[in-house]
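Comments concern the structure below.
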């Protein structure tokens, strides 16, 4: 039979490049090849036992049925309190939507706000799913390019020039995937002023908020700056990164109540509720001991210093010292290759996998994850340095 042509916006989305190259590296390793991978987008630590035990206890108590579409009220109360005490964001349980992963929280926000004729602004380098999500609604993607020299923060003057009456949304990711950059309070205040003046929503993706390493660069939630910007901000977070719960698929957000209701309606028709017993693991994560988070953060801080020292001194590579998340973003433009070609040749010649920057809006950069052992970081650095000397000297 003939292939049916699709015209739906969502049918035009492209597969995740990070998942594709990670899968290829895993397949090579499974086939017995000595693959060294710096692709991981998840912590290499296990979920803490007290979180797993809480989910097991919930299962044993029969917590296996539907909850409300936006999550159980116990968890929503915990999250609302977390936002108020940790982030200084004024919110209520009624404004919380718990989802099957922070990625879905981002998508549901975009889908609830945007459509044909609208536009949404993102800053490059960006998390590669943002433009795909925006395009899936039929809205226009507007990209602001940020530079390493400016800590990969957007330029407020450029933001002011790119927004118009059809701008519905600015997506702000701090700490950042892929750069590890953390926005300064000064920049956040300027963004806040522009959002209030032009009346668009800021989607603050704060999934890496607990993974920060420099006292002079703390994470600040933009919604905490004033009641006016709080009324125009959706703050997204989740359990995946801070608590090493990537496979649990629990995300959450707080939003102005009018928008919370729209997001809740969309979620009710697409996913029903987030997994019931996993929510009780989430309650234990937020209300229980934070020592495992601190241990993981300290380990990542040491790895950050290690990977930065190795790559910042490497020929043909330039990078800034990341302050958050667990990625190092490197400019490889001096090699003359774009990132797709560079990464393909690197995997073939040195069996070393890194993520190309092209899907992140940075075609001459690569993303390295340090969510792995020191020995892997050192071996990957040695291989990449050898690869550069062989191909680009």
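The values are calculated or read from the model by the stated rules, or taken from the named source; none is laboratory data. Note that the coordinates shown come from a computational prediction; the quantities given were computed from them, not determined experimentally. All Cβ positions, glycine included, derive from the backbone under ideal geometry; neighbour counts span all protein chains shown.
General remarks:
Residues checked against (1) surrounded by 21 or more Cβ atoms within 10 Å (Cβ to Cβ); (2) within 20 Å of residue 160 (Cβ to Cβ); (3) without any contact (Cβ under 8 Å) to a residue 12 or more places away in the chain:
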| position | (1), (2), (3) |
| --- | --- |
| 192 | yes, yes, no |
| 199 | no, yes, no |
| 205 | yes, no, no |
| 214 | no, no, no |
| 227 | no, no, no |
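- Residue match in region 230-237 (condition: in the same structural domain as residue 155 (by TED's automatic domain parsing), buried (at least 22 other Cβ atoms within 10 Å of the Cβ) and closer than 17 Å to residue 326 by Cβ): yes
- Looking across 378, 351, one residue alone is over 23 Å from the mean Cα position of the chain (by Cα) and on the phi > 0 side of the Ramachandran plot. It is 351.
- For region 293-310, the count of residues that are surrounded by fewer than 24 Cβ atoms within 10 Å (Cβ to Cβ), in contact (Cβ under 8 Å) with a residue 60 or more places away in the chain and in a strand (DSSP E or B) is zero.
- Some residue of region 317-339 being on the phi < 0 side of the Ramachandran plot, buried (at least 24 other Cβ atoms within 10 Å of the Cβ), at pLDDT 95 or above and in a helix (DSSP H, G or I): yes
- Every test in (1) within 24 Å of residue 132 (Cβ to Cβ); (2) free of Cβ contacts under 8 Å to residues at least 12 places away in the same chain is passed by residue 362 save one, and that test is (2).
- Taking the conditions (1) under 24 Å from residue 228 (Cβ atoms); (2) in contact (Cβ under 8 Å) with a residue 60 or more places away in the chain; (3) in a strand (DSSP E or B) in turn, residue 123 satisfies each one other than (2).
- Within the option set 130, 183, 152, being at pLDDT 95 or above and outside any loop (DSSP other than H, G, I, E, B) holds for one residue only, 130.
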